[in-house]
């Protein structure tokens with residue numbers, strides 16, 4: 001299915017990453033997705049309403065949320081990404097929206113997930129505030145673990161002119177810095193790494 005989707009007019013760096021034939025990249029992504037899924041299984045009581053904010057093309061959704069029958073909404077700002085996501089995840093609901101101004105009332109979801117998005121935002125504190133606003137309890141957040149992420153890119157010859165930094169990454173957190181950033185607005189319950197990413201399971205303070 002992923003290969004067929006790549007033949008269409010839509011493409012993105014995220015889609016290329018998830019459809020890459022590189023076995024090391026595939027292994028790292030699979031490990032990251034399964035780490036996120038294991039963290040979500042620790043959420044109690046089991047969430048009935050979930051938001052995947054910045055869901056992209058829905059590749060992570062297939063693995064991370066494969067175990068749940070909860071009502072799941074995927075949100076993204078790209079119409080092309082949402083079209084791919086709805087094809088890959090036909091049982092889920094999707095909507096277009098801006099993470100800095102989420103189109104949902106306060107406390108709409110038991111769990112809000114936002115993976116690999118905050119590093120792209122010019123105002124990540126505002127983005128985190130919106131995620132906290134629409135969550136009634138739990139959040140799962142992830143970002144690249146710096147400088148390991150950039151170092152890994154550089155060593156494999158990716159974005160060498162930018163010292164390994166991906167285009168669009170305007171925020172760079174180590175695991176410790178990311179925990180401190182989150183704790184200003186909510187409470188980190190579990191922080192773990194899955195090279196080269198940081199994952200944080202959090203609750204509304």
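The values are calculated or read from the model by the stated rules, or taken from the named source; none is laboratory data. Values in this document were obtained by computation on a predicted structure and should not be read as measured data. Note: ideal-geometry Cβ built from the backbone for every residue, glycine included; neighbour counts use all protein chains shown.
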How about segment 174-191: which of its residues are under 17 Å from the mean Cα position of the chain (by Cα) and within 18 Å of residue 147 (Cβ to Cβ)? 174, 175, 178, 179, 181, 191
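Per-residue answers, yes or no, for (1) farther than 15 Å from residue 99 by Cα; (2) in contact (Cβ under 8 Å) with a residue 12 or more places away in the chain; (3) in a strand (DSSP E or B); (4) in contact with a strand residue (DSSP E or B) (Cβ under 9 Å, 6 or more places away or on another chain):
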| residue | (1), (2), (3), (4) |
| --- | --- |
| 114 | no, yes, yes, yes |
| 125 | no, yes, no, no |
| 129 | no, yes, no, no |
| 150 | yes, yes, no, yes |
| 161 | yes, no, no, no |
| 168 | yes, yes, no, no |
| 171 | yes, yes, no, yes |
Count of residues meeting criterion [buried (at least 16 other Cβ atoms within 10 Å of the Cβ) and part of a loop (DSSP other than H, G, I, E, B)] in segment 175-196: 3
Which ones in segment 97-109 are assigned to a strand (DSSP E or B) and loosely packed, with under 14 Cβ neighbours inside 10 Å? 98, 101
Of the residues in segment 135-161 that are at pLDDT 95 or above and over 16 Å from the mean Cα position of the chain (by Cα), the one that is surrounded by the fewest Cβ atoms within 10 Å (Cβ to Cβ) is 136
Unmet requirement for residue 144, which otherwise passes all of (1) farther than 16 Å from residue 124 by Cβ; (2) in contact with a strand residue (DSSP E or B) (Cβ under 8 Å, 6 or more places away or on another chain): (1)
Need the failing condition index for residue 65 against (1) free of Cβ contacts under 8 Å to residues at least 60 places away in the same chain; (2) in contact with a helix residue (DSSP H, G or I) (Cβ under 6 Å, 6 or more places away or on another chain), just the number. (2)
